[in-house]
Amino acid sequence: MKRKKILLAIGGHDPTGGAGISADIETSAYFNYHVLSILTCTTVQNTGRVQKVYKIPKNYIIESFKEIIKEFKIDVIKIGLLPNIQCSKEVLKILINQKMKNIPIIIDPIINSGSGKKLVTENNLKFLTKKIYPLSDLLTPNIDEYNKIKKNIKKNNINNILITNFNTNKKTITLKLIKNNPEIEKDFIIEKFYKVYHGTGCTFSTAVACNIGLNNDVNRSIQEALKYMKKAITTSSIVGKNQSFLNRNF
């Protein structure tokens, strides 16, 4: 039997199941991955706003990693919310571990919630842009996140940056891929849907990560992830009070 691919998801827990680790697990299941998951925080939230973010105990992240790496071969890493310096430093230890060498790293740099609540401190954001983000094979910020981090990103410091809503109008959304080797830019234009969906950033970046883990190049991985997102949106049937939910396993 062919070995099932394994994705290591590092991120926060959303009790609605719309975003965070739940989104990573459901999306990865569609692409036939097994998911190893390490929480960076837990949240109190609904589809309207994040009320609170609770810290994970010190050393939980790195100790969890040390145990799972004894048993499993990881094919790709997806990182979501890293809310504080404590967890960021532990995640850095994971990424520079020799056993993680040459494993693709995809990071969704969550800074604010969809409702505008700040989820990452300024000191931590500086640490992330200096130490964590440069280790990624692909960074997937939205335009607001990109504008917050670009001043601290040195030229050619990150392999690939995909700005997920670089330009938006009534009918379309343009995603812009900025590649540093070779230096090129590429636009992906997709249809805009009228509803607001919870967890689109998490879901999309995980779909890209899964495709990269299947040895697709970045361009094809983005295209395949966009096809997946369209189906997840158009087959959606669950609606929260403020946002709709994606159907990740259609």
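List the residues, sorted by chain then number, that are 5 or more residues from Asn167 or on another chain and whose placed amide H is less than 5 Å from its amide H.
Long-range HN contacts for Asn167: Thr174.
Which FRET efficiency value, to the nearest 0.05, do you get for Ile103 and Thr172 by plugging their Cβ-Cβ distance into 1/(1 + (r/R0)^6) with R0 = 41 Å?
E between Ile103 and Thr172, to the nearest 0.05, is 0.75.
Just check region 1-88 against the gyration tensor rule for me: Cα atoms, a ≥ b ≥ c as the square roots of the eigenvalues, rounded for a/c under 1.5, and otherwise prolate or oblate depending on whether a/b exceeds b/c.
Verdict is oblate for region 1-88.
Quick query: amide H of Leu119 versus all other amide H atoms, modeled in the peptide plane; which residues come in under 5 Å with a sequence gap of 5 or more or a different chain?
Residues meeting the criterion, in which the H sits 1.01 Å from N, are Asn112, Ser113.
Among [x] 47, 46, 42; [y] 58, 39, 34; [z] 50, 38, 37, find the value of Cα extents along the principal axes in Å that was calculated from the structure presented, and write down its label.
The value computed from this structure is option [x].
Check Leu36: other-chain or 5+ apart residues with amide H under 5 Å from its amide H, H built from backbone geometry?
So Leu36 has HN proximity to Leu7, Leu8, Ala9.
Shape verdict for region 111-170, please, from the Cα gyration tensor: rounded (a/c under 1.5), prolate (a/b greater than b/c) or oblate.
In terms of gyration-tensor shape, oblate.
Pop out the ³J(HN,Hα) list for region 194-207 in order, Karplus 6.51 cos²θ - 1.76 cosθ + 1.60 with θ = phi - 60°, rounded to Hz; leave Gly and Pro as x.
7, 7, 9, 10, 7, x, 5, x, 4, 5, 5, 5, 5, 4
Anyone know which of Lys227, Lys170, Lys130 comes out most mobile in the 10 Å Cα GNM of the chain?
Top of the fluctuation ranking is Lys170.
Any idea of Lys4's accessible area? Nearest 10 Å², probe 1.4 Å.
Rounded to the nearest 10, the figure is 100 Å².
With springs connecting C-alpha atoms under 10 Å apart, model the chain as a Gaussian network and identify which of Thr234, Thr206, Thr140 has the largest mean-square fluctuation.
Checking each option, the largest mean-square fluctuation is seen for Thr234.
Provide the net charge surrounding Ile143, with neighbours chosen by a C-beta distance below 15 Å and charges set as Lys +1, Arg +1, Asp -1, Glu -1.
0
Could you derive backbone 3J(HN,Hα) for region 9-18 from the dihedral phi with the Karplus parameters 6.51, -1.76 and 1.60 (θ = phi - 60°), listing whole Hz in sequence and x where the residue is Gly or Pro?
9, 10, x, x, 9, 10, x, 6, x, x
From the square roots a ≥ b ≥ c of the eigenvalues of the alpha-carbon gyration tensor of region 90-130, which class results: rounded (a/c under 1.5), prolate (a/b over b/c), or oblate?
prolate
Please list, in order along region 62-71, the HN-Hα scalar couplings obtained from phi with the Karplus expression 6.51 cos²θ - 1.76 cosθ + 1.60 (θ = phi - 60°), rounded to whole Hz, x for Gly and Pro.
After applying 6.51 cos²θ - 1.76 cosθ + 1.60, I find 5, 5, 4, 4, 4, 6, 5, 5, 5, 10 Hz.
Run the helix sum for the chain: -39,500 (n - 2.57) per DSSP H stretch of 4+ residues, divided by residue count, reported at 222 nm to the nearest 500 deg cm²/dmol.
After summing the helix terms and dividing by the residues of the chain, the value is -9000 deg cm²/dmol.
At q = 0.17, 0.20 Å⁻¹, work out log10 I(q)/I(0) for region 140-250 with the Debye formula, treating every Cα as an identical point scatterer and leaving solvent out; two decimals please.
-0.87, -1.16
The values are calculated or read from the model by the stated rules, or taken from the named source; none is laboratory data. Worth saying up front: this structure is predicted, and the values here are computed from it rather than measured. Note that we place each Cβ from the backbone using ideal geometry, even for glycine, and neighbour counts take in every protein chain shown. The area values use the complete protein model at the heavy-atom level, side chains included, leaving out ligands, DNA and RNA. Shrake-Rupley method; radii C 1.70, N 1.55, O 1.52, S 1.80 Å.
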